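Report on the structure given below.
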Amino acid sequence: MFPLFSGLLAVLSRKEKLRENSFSANFACIITVYKENDIAWPLVRALLKQDYPHYQVYLVADGIEEPLEKQVQDEKLTLFQPRPFLNSKVASIALVLEKMKKKHTHVVIFDPDNLVPAHFLGVINRYHAAGFQAVQGKRIAKNTNGTYAALDALGEYYYDFAVRNVPYLLGSSSTIAGSGMSLEKEIYQQNIYHEMQVLEEKGLVVAEDKSLQVELVGSGIRIGYAAAAIIFDEKITAAPQIGRQRSRWLNSYFGQIPTSFRLLLKGLVSWDWNQIYFAVMVSMPPMVILVGVSLLLALAALWVKVSYFFLLAGCLILFGLGFLTLLTLNHTPLEVIKAIPKIPLFVWGQLSGMLKIRKANKDFMATSHQEITEIEPLWEKRRNEFSHLEAWWK
């Protein structure tokens with residue numbers, strides 16, 4: 001019942017107004033590519049069309065044998081093609097942090113399949129001007145055609161509201177999505193330095209975004225959520241991709257449970273609302289585990305005490321209503337809502353992902369990308385979906 005009640009409370013609560021100052025961040029926009037030649041160029045072109053003036057785009061093309069030819073010639077673009085291969089997103093980011101221009105004040109991280117409208121950096125800057133040291137943009141589905149893309153988009157719309165917008169509206173912190181987030185350079189450099197130590201010791205960093213968000217909140221930083229800073233993210237299009245992606249996510253969830261509990265204890269000792277709420281939220285199991293275990297307990301209750309069955313069944317119904325409510329509050333498109341009856345297909349893929357959790361400790365299990373499109377036709381098609389945020393773009 002936690003997501004439903006938190007969502008309703010956030011909607012009914014007084015909206016926070018940004019107290020903006022005259023400040024202009026200088027962004028280092030980092031894109032990390034692994035073994036894919038063409039996927040990042042639409043994002044590069046989109047970033048080079050930003051309305052905001054103070055930024056530089058850094059593209060790291062790792063794991064590509066042949067020299068990567070620039071499809072775009074612009075002084076705002078810097079290309080790195082490391083030799084030997086780094087085979088790590090964290091190492092690619094560390095490379096840019098070491099060699100980038102010194103004038104940057106903030107770092108924005110992108111996945112190569114992302115796309116952003118021209119207003120993205122301008123909106124993010126407004127939150128930094130208001131005092132936020134870390135800001136997460138509104139990451140939303142780029143492709144919704146097809147069963148699996150729509151189902152993946154369904155989860156993105158839900159989590160975008162439930163774990164990013166809601167906690168921010170309640171005075172806590174948004175979670176970090178792994179892309180579309182901006183941080184003060186010095187803070188991020190410290191985090192990446194630590195992650196590089198983990199990489200040297202273990203040979204792999206599975207969920208750098210999860211450890212980063214706990215580290216930020218634990219140090220007293222509140223992560224802002226910029227609902228008008230739209231960032232499109234490619235959704236999976238085939239069943240085999242579900243298991244690979246979800247095994248990595250589930251592995252990161254279980255790996256971060258001890259850290260989340262320590263954050264909760266720290267928040268309770270200091271009575272810090274940001275830390276308490278954030279720790280409880282990130283400790284919640286993924287939906288497939290939460291609903292699956294609840295169903296098993298409800299069935300077991302039939303042999304223990306029938307009243308427990310009705311109690312659990314009622315909670316599951318409330319969870320379902322909450323799921324639909326949060327999707328509605330986040331202006332989820334109808335074509336995505338229509339995918340709800342096909343959720344069992346996605347659950348089956350997630351169950352297969354659970355069987356590969358151990359593999360995710362040794363293999364990053366990168367997801368391949370196939371949806372290559374430019375920002376102009378995508379934004380023309382989808383702009384009306386975000387019309388309630390239009391005042392932020394002017």
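The values are calculated or read from the model by the stated rules, or taken from the named source; none is laboratory data. Predicted model only: the values in this text are computed from it and were never measured. Every residue, glycine among them, receives a Cβ derived from its backbone with ideal geometry; neighbour counts consider all protein chains shown. Keep in mind that these areas ignore ligands, DNA and RNA; they rest on the heavy atoms of the full protein, side chains included. Shrake-Rupley method; radii C 1.70, N 1.55, O 1.52, S 1.80 Å.
Test LEU97 against the criterion of being assigned to a helix (DSSP H, G or I) and modelled with pLDDT of 95 or more, and give yes or no. Talk me through it step by step, then tell me what you get.
Numbers: assigned to a helix (DSSP H, G or I): yes; modelled with pLDDT of 95 or more: yes.
Taking the combined requirement at face value, the residue satisfies it.
Among the residues of segment 90-118, what is the count of those that are out of contact with any Leu (no Cβ under 8 Å at 6 or more places or on another chain), in contact (Cβ under 8 Å) with a residue 60 or more places away in the chain and either surrounded by fewer than 24 Cβ atoms within 10 Å (Cβ to Cβ) or over 11 Å from THR32 (Cα atoms) (or both)?
Residues meeting the conditions: 11.
Restricting to segment 157-178, count the residues that are open to solvent by 10 Å² or more (accessible area, probe 1.4 Å) and among the charged types (D, E, K, R).
1
Going by what's in this entry, would PHE132 be described as in contact (Cβ under 8 Å) with a residue 40 or more places away in the chain and either open to solvent by 20 Å² or more (accessible area, probe 1.4 Å) or not polar (S, T, N, Q) (or both)? Lay out the reasoning, then the answer.
Values: in contact (Cβ under 8 Å) with a residue 40 or more places away in the chain: yes; either open to solvent by 20 Å² or more (accessible area, probe 1.4 Å) or not polar (S, T, N, Q) (or both): yes.
It is true that PHE132 is in contact (Cβ under 8 Å) with a residue 40 or more places away in the chain and either open to solvent by 20 Å² or more (accessible area, probe 1.4 Å) or not polar (S, T, N, Q) (or both).
Does segment 139-150 hold any residues that are at negative phi and open to solvent by 10 Å² or more (accessible area, probe 1.4 Å), and which are they? Outline the logic, then answer.
Pass one, segment 139-150, residues at negative phi: 139-145, 147-150.
The answer is ARG139, LYS142, ASN143, THR144, ASN145, THR147, TYR148.
Cβ-Cβ under 7 Å, sequence separation 6+ or interchain: first residue in segment 8-29 and touching a residue at least 24 places away in the same chain (Cβ under 8 Å) and at negative phi, partner part of a loop (DSSP other than H, G, I, E, B) and open to solvent by 100 Å² or more (accessible area, probe 1.4 Å). Which pairs?
ASN26/LYS103
Output the helices (runs of 4 or more DSSP H) that fall wholly within segment 126-240 and possess 1 or more residues being closer than 30 Å to LEU334 by Cβ, or say none.
Numbers: elements: 147-159, 166-169, 185-202, 208-218.
Answer list for segment 126-240: 147-159, 166-169.
Being buried (at least 16 other Cβ atoms within 10 Å of the Cβ) and among the small types (Gly, Ala, Ser) is true for just one of ALA313, ALA301. Which residue is that? Explain how you work it out, then say what you get.
Working: ALA313 fails: buried (at least 16 other Cβ atoms within 10 Å of the Cβ).
Selected residue: ALA301, the only one of ALA313, ALA301 that is buried (at least 16 other Cβ atoms within 10 Å of the Cβ) and among the small types (Gly, Ala, Ser).
Name, by its number, the condition in (1) modelled with pLDDT of 95 or more; (2) within 25 Å of ILE372 (Cα to Cα) that does not hold for SER173.
Just one mismatch for SER173, condition (2).
Quick check on this structure: which one of LEU121, LEU154 is more than 16 Å from LYS210 (Cα to Cα), modelled with pLDDT under 95, out of contact with any Gly (no Cβ under 9 Å at 6 or more places or on another chain) and buried (at least 23 other Cβ atoms within 10 Å of the Cβ)?
Working: LEU121 fails: modelled with pLDDT under 95.
That would be LEU154, the only listed residue that is more than 16 Å from LYS210 (Cα to Cα), modelled with pLDDT under 95, out of contact with any Gly (no Cβ under 9 Å at 6 or more places or on another chain) and buried (at least 23 other Cβ atoms within 10 Å of the Cβ).
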